[in-house]
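Engineer: One structure is given below, represented as structure tokens, and several questions about it will come after.
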Amino acid sequence: MDPRSEVLLRQAELFSGDLLLAGLPADDLLGQLPGAIGWSWHAGTQQRLQARFAERCAFGIEPPAASFDSAVLFLPKSRELTDYLLSALAARLPGRLLYLVGEKRAGVERATKQLAPFGEAKKLDSARHCQLWQVRVTNSPPAPELQTLAQRFELPLADGPLQIVSLPGVFSHGRLDRGTALLLEQLDGLPAGRLLDFGCGAGIIGTSLKRRYPDNEVVLLDVDAFAVESSRMTLAANGLQAQVIAGDGIDAAPQDCSAIISNPPFHQGVHTHYEASETLLQRAANHLRPGGELRLVANAFLKYPPLIETHLGRCETLVSADGFRIYRAQRPLIR
């Protein structure tokens, strides 16, 4: 059981009636709180919850339409995303109770200041290195319009400016990170066929690919609903169309790709996780056609080349700069 869930269950008597659990972990909390419904924007969490609580969980960037008497927000990593989520929930809870639970190291004490616009917040519990806070929504805001919270910026690329739209909570929100910048410089000579942008974020790589290779099918994949929506908005801002998929890791990707291009994710909340990236390297060959290739950017300290060579083929370093490396590997041709 997630420690944040354990803290909630210590106060289970508070959570009668119709309760919304926003950003909940994929544990047994819904089983312990039978009157609750879950709302997730993480495709992996949603998949695991759906398998057990099919009628009691929703996925997306907006709260589910079902009515609820109170809500708990599990503190996300991004301050901007927290602002949006709290406002979206408080707009649905005039005069009712809104809770915030999170780990101390995730900054839950600091985040409680974001409750202040809605009413007087008070701490209910502190345990398992987590805290639980409550506010009665005496100042209910209008429902926020997510598109107005998007950051828009322009990338001056060699083939012309690219318009980027980034929603709160998306990786490298409102800016171009150095790893992606390096990868954008190493996209020449990709083969014809289906191109996959794995961990697409705001859609920078996938949109650039679609513009540079208009005859190729391009697929963008991310585990996060806000990233998926950002990618759709970025494509639209550039007058382009491509398939955008919400899915949990490389297993959700189509097969028979001619190339997989990725700045792979390695953060989940405040925790560092390399599982999605390592699984990509282990299973990329299953999603590449013979002769298809993988290109990715990674921190230079990560020991990815041996893993790539074990599961795919010879690993070539295209460039090394600013603590990053761009790797290229090709699935062997069938003989």
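Engineer: Over region 1-91, what percent of the accessible surface lies on carbon and sulfur atoms, probe 1.4 Å?
Structural biologist: 46
Engineer: Counting GluC sites (Glu not before Pro) as exposed when in a DSSP loop with at most 12 other beta carbons within 10 Å, what is the longest stretch of the chain free of them?
Structural biologist: 146-335
Engineer: Expressed as an acute angle from 0 to 90° and rounded to the nearest 10, what is the orientation of the C-alpha long axis of helix 43-52 relative to the principal long axis of the chain?
Structural biologist: That works out to roughly 60 degrees.
Engineer: Right, here's the next one. Report the net charge of residues surrounding Leu146, where surrounding means a beta-carbon distance below 15 angstrom and charges are Lys +1, Arg +1, Asp -1, Glu -1.
Structural biologist: Local net charge: -3.
Engineer: Right, next: Using 0.36 nm times the number of residues separating Ile245 and Arg314, minus their current alpha carbon distance, what extension gain do you get? Don't skip to the answer; put the middle values down first.
Structural biologist: Values: separation 69, 0.36 × 69 = 24.84 nm, distance 2.92 nm.
That pair, Ile245 and Arg314, stretches by 21.9 nm at full extension.
Engineer: Here's another thing I want to ask about it. Amide H neighbours of Cys257 under 5 Å, counting only residues 5+ apart in sequence or on other chains, H built in-plane at 1.01 Å?
Structural biologist: For Cys257, the qualifying residues are Leu288, Arg289.
Engineer: When DSSP beta bridges are limited to those with both residues in region 1-152, what percentage is antiparallel, rounded to the nearest 5?
Structural biologist: In region 1-152, DSSP labels about 45 percent of beta bridges as antiparallel.
Engineer: Another question, if that's okay. Counting only protein chains, not ligands or nucleic acids, how are His173, His129, His287 ordered by accessible area (probe 1.4 Å), most first?
Structural biologist: Details: His173 45, His129 150, His287 10 Å².
From most exposed to least exposed: His129, His173, His287.
Engineer: Determine the gain in length on full extension of the stretch Ala321-Asp177; use 0.36 nm per residue of separation and subtract their C-alpha separation, reporting nm with one decimal.
Structural biologist: 50.5 nm
Engineer: Using a Förster distance of 22 angstrom, determine the FRET efficiency expected from the C-beta separation of Ala66 and Asp28, and round it to 0.05.
Structural biologist: 0.55
Engineer: Under a point-charge model restricted to the Cβ atoms of Lys and Arg (+1) and Asp and Glu (-1), what is the dipole moment magnitude of the chain relative to its Cα centre, in debye to the nearest 20?
Structural biologist: Roughly 400 debye, rounded to the nearest 20.
Engineer: Applying the Karplus parametrisation 6.51 cos²θ - 1.76 cosθ + 1.60 with θ = phi - 60° to the phi angles of region 291-302, what ³J(HN,Hα) value in whole Hz is obtained for each residue in order, glycine and proline being reported as x?
Structural biologist: x, x, 10, 10, 10, 8, 10, 8, 4, 4, 6, 6
Engineer: Could you state the angle between the C-alpha long axis of helix 225-237 and the longest principal axis of the C-alpha atoms of the chain, as a value from 0 to 90 degrees rounded to the nearest 10?
Structural biologist: Result, in degrees: 50.
Engineer: So what is the accessible area of region 165-320 per residue, in Å², with the probe set to 1.4 Å?
Structural biologist: Accessible area per residue: 39 Å².
Engineer: Modelling each spin label as a point 7 Å along the Cα-to-Cβ direction, I'd like the Leu302/Glu13 distance in nm, to one decimal.
Structural biologist: That separation, rounded to one decimal, is 4.8 nm.
Engineer: On to the next question. What is the total of Lys pairs in the chain with C-alpha atoms under 17 Å apart, excluding same-chain pairs fewer than 8 positions apart?
Structural biologist: Numbers: Lys77/Lys104; Lys77/Lys113; Lys104/Lys113; Lys104/Lys122; Lys104/Lys123; Lys113/Lys122; Lys113/Lys123.
So the count of such lysine pairs works out to 7.
Engineer: Per the helix-only calculation at 222 nm, which mean residue ellipticity applies to the chain, given -39500 (n - 2.57) for every DSSP H run of n ≥ 4 and division by its residues, nearest 500 deg cm²/dmol?
Structural biologist: -7500 deg cm²/dmol
Engineer: Between Glu6 and Glu154, what length comes free when the chain is fully extended (0.36 nm per residue of separation minus the Cα-Cα distance, one decimal in nm)?
Structural biologist: Length difference between fully extended and current span is 48.9 nm.
Engineer: With every protein chain present, what is the per residue accessible area of region 89-161 (1.4 Å probe, Å²)?
Structural biologist: I get 55 Å² per residue for region 89-161.
Engineer: Which of Ala116, Ala106, Ser262 sits closest to the plus end of the dipole of the chain, meaning its Cα is farthest towards the positive end, when Lys and Arg get +1 and Asp and Glu get -1 on the C-beta?
Structural biologist: Ala106
Engineer: Only bridges whose two residues both fall in the chain count here: according to DSSP, what percent of them are antiparallel, nearest 5?
Structural biologist: In the chain, approximately 50 percent of DSSP beta bridges are antiparallel ones.
Engineer: Collect residues whose amide H, placed 1.01 Å from N in the peptide plane, falls under 5 Å from the amide H of Arg96; neighbours closer than 5 in sequence don't count.
Structural biologist: Excluding prolines and chain starts, which carry no amide H, the hits are Val137.
Engineer: Something else about it: Taking every eigenvalue of the Cα gyration tensor of the chain, multiplying by 5 and rooting it, what semi-axes result, largest first, whole Å?
Structural biologist: 39, 21, 18
Engineer: Carbon and sulfur: what percent of region 191-301's accessible surface (1.4 Å probe)?
Structural biologist: C and S fraction of accessible area: 45 percent.
Engineer: Further question: List every residue whose amide H lies under 5 Å from the amide H of Val219, counting only residues 5 or more places away in sequence or on a different chain, with H placed 1.01 Å from N in the peptide plane.
Structural biologist: It is Leu195, Leu196, Asp197, by chain and number.
Engineer: What is the Cα centroid distance between region 298-330 and region 217-231, reported in whole angstrom?
Structural biologist: One Cα centre to the other: 24 Å.
The values are calculated or read from the model by the stated rules, or taken from the named source; none is laboratory data. The structure displayed is predicted, hence computed values, not measured ones. All Cβ positions, glycine included, derive from the backbone under ideal geometry; neighbour counts span all protein chains shown. For accessibility, only protein heavy atoms count, side chains too; no ligands or nucleic acids. Shrake-Rupley method; radii C 1.70, N 1.55, O 1.52, S 1.80 Å.
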